[in-house]
Ligand code: B12
Ligand SMILES: [Zn+2]
């Protein structure tokens with residue numbers, strides 16, 4: 001088993017040591033980072049500290065040097081985002097910092113995406129995400145989207161105030177297998193159940209897995225209205241999404 | 001500040017229920033002075049669908065028409081028995097007047113700003129339109145405050161609301177661009193905040209002229225979004241300036257986790273801080289001591305919305321036991337909240353005081369208020 005000292009990047013080593021407290025997560029990240037090439041960990045470090053210009057430059061350099069796009073994405077960009085999610089969940093960083101990390105991730109992905117789509121590499125799954133009808137809170141949903149993208153999902157963001165029809169249309173248009181709904185108001189939470197009912201009425205409920213989240217939503221409520229899963233935070237959102245589409249690790 | 005009614009109280013130091021008017025009670029508590037019993041105060045909306053039906057004043061009209069707004073606001077006194085009324089049920093009146101696109105929604109949801117379509121990009125754009133105070137979504141609030149003053153006289157505290165520059169920033173710049181700007185260019189962000197402060201002061205002053213006793217200042221620099229150090233860096237001094245520029249008590253409202261910034265908040269000289277149930281009453285009181293009056297913090301989504309009077313009473317007692325000087329819901333309550341749960345707040349307060357002073361009328365008498 002790899003140890004902290006095996007991570008070939010001082011900054012990331014210190015970050016893991018300082019901010020990752022859960023044993024399982026610590027072991028997982030140490031494993032991940034100790035196997036990554038130093039020049040890719042530089043990219044990860046740029047993501048973690050929200051330096052978008054560096055993320056941009058380092059990604060181009062890595063590709064020019066002949067590292068595969070998939071490897072740059074997995075061991076550089078995605079690896080960086082994994083730590084960002086944990087730091088946010090544990091309140092070591094806040095929304096502005098996560099937004100900056102996501103911007104850095106985007107700066108790198110710009111160079112990766114065209115290569116991946118040209119080579120026909122499939123995303124983990126296509127996910128439709130939206131805040132339900134009548135609700136305009138989207139900060140949490142957007143963070144989930146960033147981490148989902150950061151984990152290799154393709155996400156179609158329907159934004160806020162999303163009607164059941166918009167969810168259903170998007171699933172059909174994009175051939176998505178996963179739907180994520182967010183609600184922050186007790187007044188709009190029931191619209192999650194209504195959307196699920198609309199999926200049933202439209203005879204497409206079995207085509208997708210549905211996950212829900214947002215501060216007032218509970219696992220019990222999710223269960224009652226017939227969702228497939230509930231996630232408490234953005235890190236969990238990724239775990240749940242992976243579980244629902246049958247990806248492990 | 002305390003009216004002549006409370007002379008006996010001042011002389012004997014004994015709390016007498018009913019001795020002070022609601023207005024006196026709230027104003028005294030906001031000033032850190034003695035009260036006959038803890039006031040029940042709502043710095044944010046307590047409008048519910050049930051109350052709308054009762055007085056036939058529904059959203060969205062009750063957010064845009066001063067007469068309906070006043071009628072709905074009065075129910076927190078006439079129906080619920082609170083010591084204050086607060087007619088601004090939304091957080092978007094001024095954003096509408098500034099030109100943001102608003103979704104007014106229907107009877108059963110709050111209206112909101114379409115933040116995905118920001119109207120401003122930099123400090124150069126920050127300008128208060130010359131007819132800002134004449135915009136119908138502003139004048140309806142002023143009209144409502146005038147009507148409440150006329151109808152309810154001095155019985156109850158009339159609380160207005162003027163949005164702080166931080167929340168205005170979310171609305172006019174969009175949440176994400178605004179938060180990124182705060183990280184990329186703190187100096188420019190401060191300049192924007194400083195310029196938006198003018199809007200806060202102008203709307204606040206207009207409400208004072210209309211008859212408001214105190215003003216809620218929502219400024220959502222919450223622990224769910226930004227760090228405590230952010231509050232210190234961007235808002236502590238600005239809120240201190242607002243205390244100097246607005247001559248009536250200000251009640252800062254920030255929902256979510258805030259214990260990590262309460263010390264900074266207490267340094268501003270603001271009269272009160274409306275705090276959320278994510279913060280423990282005793283722990284919060286220990287931090288702020290008597291530097292600022294806490295208002296709160298009955299939980300909305302669970303306690304007031306999903307639970308019953310018994311749990312409401314428990315949370316009231318937790319606040320009173322901790323010495324929290326004004327009690328009320330933590331934030332704008334869910335529109336489907338049961339009246340019964342809201343009424344329980346003043347009842348639980350009265351019972352708590354009665355239990356501590358046998359000379360007071362029993363809770364059953366208090367109930368017939
Ligand atoms: C910021 C905020 C706002 C901003 C929204 C900006 C925006 N673009 O989103 C502004 C100031 C505009 C706003 C407006 C309003 N708000 Co508001 N707001 C908040 C606040 C302070 C924080 C919410 C937030 O962003 N949290 C941070 C994010 C990161 O957390 P999160 O959203 O929970 O998301 C995480 C998880 O839940 C999960 N997750 C989220 N979605 C999903 C989806 C899936 C599929 C999964 C798996 C997981 C998942 O992962 C996320 C990341 O970890 C909360 C109070 C609070 N502390 O929660 C009130 C709060 C949500 N608001 C409230 C209210 C009342 C309002 C208004 C009605 C106010 C008014 N009177 O007008 C309006 C309503 C507008 C509308 N129609 O939607 C109440 C709701 C009460 C209720 N339960 O009904 C709250 C709870 C405050 C309170 N204590 O009462 N608000
Ligand atoms: Zn609030």
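Only the coordinates and a few stated rules stand behind these numbers; no lab work does. Since we're looking at a predicted model, the values are computed, not measured. Cβ atoms come from the backbone with ideal geometry, glycine included; neighbour counts cover every protein chain shown.
Annotations for the structure displayed:
- Put in order of Cβ neighbour count within 10 Å, fewest first, the listed residues A:144, B:331 become B:331, A:144.
- The ranking of A:235, B:175 from fewest to most other beta carbons within 10 Å of each one's beta carbon is A:235, B:175.
- Over chain A, relative contact order from alpha-carbon pairs under 8 Å, at least 6 apart, %: 15
- GNM result for chain B, Cα springs below 10 Å: residue of B:296, B:269, B:328 fluctuating most strongly: B:269
- Relative contact order of region B:238-306, pairs being alpha-carbon contacts under 8 Å that are 6 or more residues apart, as %: 31
- For region B:104-165 versus region B:340-358, the gap between their alpha-carbon centres in whole angstrom: 33
- Helical content alone sets the calculated 222 nm signal of chain B at -13000 deg cm²/dmol, taking -39,500 (n - 2.57) per DSSP H segment of four or more residues and averaging over every residue.
- In region B:6-368, Cα pairs under 8 Å separated by at least six residues give a relative contact order of 18 percent.
- Listed residues A:195, A:67, A:162, most fluctuating in chain A (Gaussian network, C-alpha, under 10 Å): A:67
- Annotation: the residues B:59, A:167, sorted from fewest to most other C-beta atoms within 10 Å of their own C-beta, follow the order B:59, A:167.
- DSSP bridge orientation in the protein assembly as shown - percent antiparallel, rounded to nearest 5: 5
- Residues considered: A:63, A:178, A:147. Largest GNM mean-square fluctuation over chain A, using C-alpha springs under 10 Å, is found at A:63.
- Part-to-part distance (alpha-carbon centres) for region A:166-188 and region A:1-29, which is given in Å: 36
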